[in-house]
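Before any comments, here is the structure.
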């Protein structure tokens, strides 16, 4: 991400931003990118508006356009009520908004956001997520996060990287299909564990059976609904089924499966 933002040069290979090579045209590439690093640099003694004015000068926004540009990002990030406050006195959530505002200055076509919600409480996470969600469509947003529920909620396409290598890319649905016909079922039964576990494990395609929350979690690959196979098996063995639920793999499950496959685990 730092290479994309123009901070580090690539040691080999090529990096292109908006069709330009970062080695041949570094300044043009930097102008095309708004970068919000995980630990955004702030000057705590500056007021919010002063800090944004400083960033605007660094980005060489024409003096005549600076006032309007700052007003625009203050409004976009809901910072107008604190524009006269010193950055160092703001809450973590507002400081993250300031970081997003400085990335938006100059209206770059590409935004790179590195863990923008780290360290925020749940309410602040929702606020920043809504701000970022509102940027979709107007520009390309590259969003990096280890909180996969955020990625699933915000991103149209997902890139999974494991140990520096690209493991998979596509929409969450496309990534799920890449795993094959993998299914998950939760079942609760009225029977001893030592009678249930081997029965479930013996089903064709089942590669994971574990107790969870008073029931059993079953994962398998293969055609046909797994819940139907589990239900039939329990019926054949005279086991009373209290609950049987087919579940959908979320992005965290998909990520773990892809990473395990990539590492040979």
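The values are calculated or read from the model by the stated rules, or taken from the named source; none is laboratory data. Quick caveat, the model's predicted, so the values are computed rather than measured. Virtual Cβ from ideal backbone geometry, glycine too; neighbours counted across all protein chains shown.
Just the residues that are part of a loop (DSSP other than H, G, I, E, B) and either in contact with a helix residue (DSSP H, G or I) (Cβ under 8 Å, 6 or more places away or on another chain) or without any contact (Cβ under 8 Å) to a residue 60 or more places away in the chain (or both), please, taken from region 110-128. If you could, list the steps in order and put the result at the bottom.
Within region 110-128, the first condition is being part of a loop (DSSP other than H, G, I, E, B), and the residues that meet it are 115-121.
Result: 116, 117, 119, 120, 121.
Evaluate the following for residue 131: is it in contact (Cβ under 8 Å) with a residue 40 or more places away in the chain, in a helix (DSSP H, G or I) and surrounded by fewer than 21 Cβ atoms within 10 Å (Cβ to Cβ)? Give the steps one after another, and end with the answer.
Numbers: in contact (Cβ under 8 Å) with a residue 40 or more places away in the chain: yes; in a helix (DSSP H, G or I): yes; surrounded by fewer than 21 Cβ atoms within 10 Å (Cβ to Cβ): yes.
The answer is yes for residue 131.
Given the criteria in a helix (DSSP H, G or I), in the same structural domain as residue 69 (by TED's automatic domain parsing) and surrounded by 14 or more Cβ atoms within 10 Å (Cβ to Cβ), does residue 51 qualify? Walk me through how you get there before you give the answer.
Details: in a helix (DSSP H, G or I): yes; in the same structural domain as residue 69 (by TED's automatic domain parsing): yes; surrounded by 14 or more Cβ atoms within 10 Å (Cβ to Cβ): yes.
Yes, satisfied.
Any residue in region 138-147 that is under 20 Å from residue 169 (Cβ atoms), surrounded by 14 or more Cβ atoms within 10 Å (Cβ to Cβ), out of contact with any strand residue (DSSP E or B) (no Cβ under 7 Å at 6 or more places or on another chain) and in contact (Cβ under 8 Å) with a residue 24 or more places away in the chain?
yes
For region 191-207, does any single residue satisfy the condition of being in contact (Cβ under 8 Å) with a residue 24 or more places away in the chain, part of a strand (DSSP E or B) and surrounded by 15 or more Cβ atoms within 10 Å (Cβ to Cβ)?
So far as region 191-207 goes, no, none of its residues is in contact (Cβ under 8 Å) with a residue 24 or more places away in the chain, part of a strand (DSSP E or B) and surrounded by 15 or more Cβ atoms within 10 Å (Cβ to Cβ).
Taking region 5-57, which residues are under 17 Å from residue 102 (Cα atoms) and touching a residue at least 60 places away in the same chain (Cβ under 8 Å)?
Listed by number, the residues that qualify are 5, 31, 32, 33, 34, 35, 36, 37, 38, 40.
Out of the residues in region 32-46 that are surrounded by 15 or more Cβ atoms within 10 Å (Cβ to Cβ) and modelled with pLDDT under 90, which is farthest from residue 113 (Cα to Cα)?
Of the residues in region 32-46, the ones surrounded by 15 or more Cβ atoms within 10 Å (Cβ to Cβ) are 32-37, 40, 42, 46.
With modelled with pLDDT under 90 added as a condition, the list becomes 37, 40, 42.
On the way: 37: 6, 40: 10, 42: 16 Å.
Restricting to residues being surrounded by 15 or more Cβ atoms within 10 Å (Cβ to Cβ) and modelled with pLDDT under 90, the top hit is 42.
Tell me yes or no: at least one residue of region 69-78 is more than 15 Å from residue 103 (Cα to Cα), surrounded by fewer than 16 Cβ atoms within 10 Å (Cβ to Cβ) and either modelled with pLDDT of 90 or more or within 23 Å of the chain's Cα centre (by Cα) (or both).
Residues of region 69-78 that are more than 15 Å from residue 103 (Cα to Cα), as a first pass: none.
The answer is no, given that none of the residues of region 69-78 is more than 15 Å from residue 103 (Cα to Cα), surrounded by fewer than 16 Cβ atoms within 10 Å (Cβ to Cβ) and either modelled with pLDDT of 90 or more or within 23 Å of the chain's Cα centre (by Cα) (or both).
How many of the residues in region 154-173 are exposed (fewer than 13 other Cβ atoms within 10 Å of the Cβ) and in a helix (DSSP H, G or I)? Spell out how you get there, then give the answer.
As a first pass, look at region 154-173 and keep what is exposed (fewer than 13 other Cβ atoms within 10 Å of the Cβ): 156-157, 163-166, 171, 173.
From the residues that got through so far, the ones that are in a helix (DSSP H, G or I) too are 173.
Qualifying residue count for the region: 1.
Looking at region 1-42, which of the residues that are touching a helix residue (DSSP H, G or I) at 6+ places or on another chain (Cβ under 6 Å) and in a loop (DSSP other than H, G, I, E, B) is nearest to residue 87 (Cα to Cα)?
42
As an exercise: evaluate residue 232 against (1) within 34 Å of the chain's Cα centre (by Cα); (2) over 28 Å from residue 148 (Cα atoms) and give the number of the one condition it does not meet.
With respect to (1) within 34 Å of the chain's Cα centre (by Cα); (2) over 28 Å from residue 148 (Cα atoms), residue 232 is out only on (1).
Confirm whether residue 27 is touching a strand residue (DSSP E or B) at 6+ places or on another chain (Cβ under 7 Å) and either at pLDDT below 90 or not assigned by TED's automatic domain parsing to the domain that holds residue 120 (or both). Reasoning before the result, please.
Values: touching a strand residue (DSSP E or B) at 6+ places or on another chain (Cβ under 7 Å): no; either at pLDDT below 90 or not assigned by TED's automatic domain parsing to the domain that holds residue 120 (or both): yes.
No; evaluated as a whole, the condition is false for this residue.
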